[in-house]
Structure formats: structure tokens, C-alpha cells
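Heads up: the structure comes next, in C-alpha cells.
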Amino acid sequence: MPPRFHIPRRTHTRPRLPPRALNPRVSEGNKNLVGRNKALVHVVAKDYAAAVREYEECIERDSSDVVAVNNKALCLMYLRDLSDAIKVMESALERVPTAALNESLVVNLCSMYELAYVNHTDAKRTLNTWITRVAPDDFDSSCTRM
């Protein structure tokens, strides 16, 4: 016999609140979280173009949303648009270096360099030099795999 769960009876009811998605006071960060989750649903369905559109909306709301930037670039890569994927990541590093300088983003960018360029070492060396100038002391520059 399966275990039985005890479900307590309600002795009083609370007024129902509207769902958060309908609440006009939802913060921009939460809107981006919802947008990124919608995009992930598209990724699971392998609808990368729809995911890119969702990530673009997130980036329009918050240009420092590194998760959206990284995931948009990955979706572009899956769409076989490697040059645009690289541009998305590089432009984020130029626009908001303190927010975008993230080890995961740098690892993915270096992987894209390796896929896109025969002589990827030059691109990675340039990135590594820039990181050395801009990054905080605790940034792990070995993520460039130089």
C-alpha cells in the first residue's frame, strides 16, 4: 500500500492574488528571468530562432544580462551563424565589460574562435591581453586556454 499523505483542511481562506506575470510591479530582473525561461523552452524544442528573439528582448531590457547574451550567442551558434554569435559576445564585452567579463562567456567565446578561425590563437591572444588590462585580479584568465 503506497504511503498516504496527510493534507490538512483549510480553516480559513486567503484572498487570491493575481499571478506574478500579471502584476505590473514585476521588476525588470524578474521580467528577464521569465524571458530567459521562455527562451529555454524554445531551446528544448530546438526552436533556436524563437529563443534568440526571447533573449534579444531580455538584452533590450538589460544590456548587462550576461546569461541572455551568452545563451543568445549559443543559439546563434546552433543556427550555424558563428560570426554573429562571436559578434554578440564581443559587443557585450565592449559595452559592459565589468558585467560581461565572466569565465563562462569567455570560455564559450574562445570555443567559438576555435570553431570559426583557422588561426584562432591570434584572436584568443588579443582577448587574453584585453582581459589582463580590464579584468579584476580574481578573474581566472586561464579560461582562454592559452
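The values are calculated or read from the model by the stated rules, or taken from the named source; none is laboratory data. Quick caveat, the model's predicted, so the values are computed rather than measured. We place every Cβ from the backbone using ideal geometry, glycine too, and count neighbours over all the protein chains shown. Ligands, DNA and RNA are stripped out before the accessible areas are found, and what is left, the full protein with its side chains, is counted by its heavy atoms. Shrake-Rupley method; radii C 1.70, N 1.55, O 1.52, S 1.80 Å.
Within the stretch 126-142, work out how many residues are farther than 23 Å from ASP81 by Cα and in a helix (DSSP H, G or I). Of the residues in the stretch 126-142, 9 are farther than 23 Å from ASP81 by Cα and in a helix (DSSP H, G or I). Contact annotation: residue pairs with Cβ atoms under 8 Å, 6 or more positions apart or on different chains, pairing a residue in the stretch 122-139 that is within 17 Å of ASN108 (Cα to Cα) and of a type in the set (S, T, N, Q) with a partner that is outside any loop (DSSP other than H, G, I, E, B) and open to solvent by less than 40 Å² (accessible area, probe 1.4 Å), are ASN128/THR144.
The set of residues in the stretch 119-131 being open to solvent by 70 Å² or more (accessible area, probe 1.4 Å) and either aromatic (Phe, Trp, Tyr) or at pLDDT 90 or above (or both) consists of ASP122, ARG125, THR126, THR129. Within the stretch 41-70, residues that are more than 14 Å from SER91 (Cα to Cα) and assigned to a helix (DSSP H, G or I) reach partners that are modelled with pLDDT of 95 or more and among the acidic types (Asp, Glu) with beta carbons closer than 7 Å, at six or more positions or on different chains, in the pairs HIS42/GLU54.
Within the span defined as the stretch 76-96, every residue fails to be modelled with pLDDT under 95, open to solvent by 50 Å² or more (accessible area, probe 1.4 Å) and not in a helix (DSSP H, G or I).
Inspect the stretch 98-117 for any residue being under 20 Å from the mean Cα position of the chain (by Cα), modelled with pLDDT under 90 and buried (at least 20 other Cβ atoms within 10 Å of the Cβ) and give the result as yes or no. Yes, the conditions are met somewhere in the stretch 98-117.
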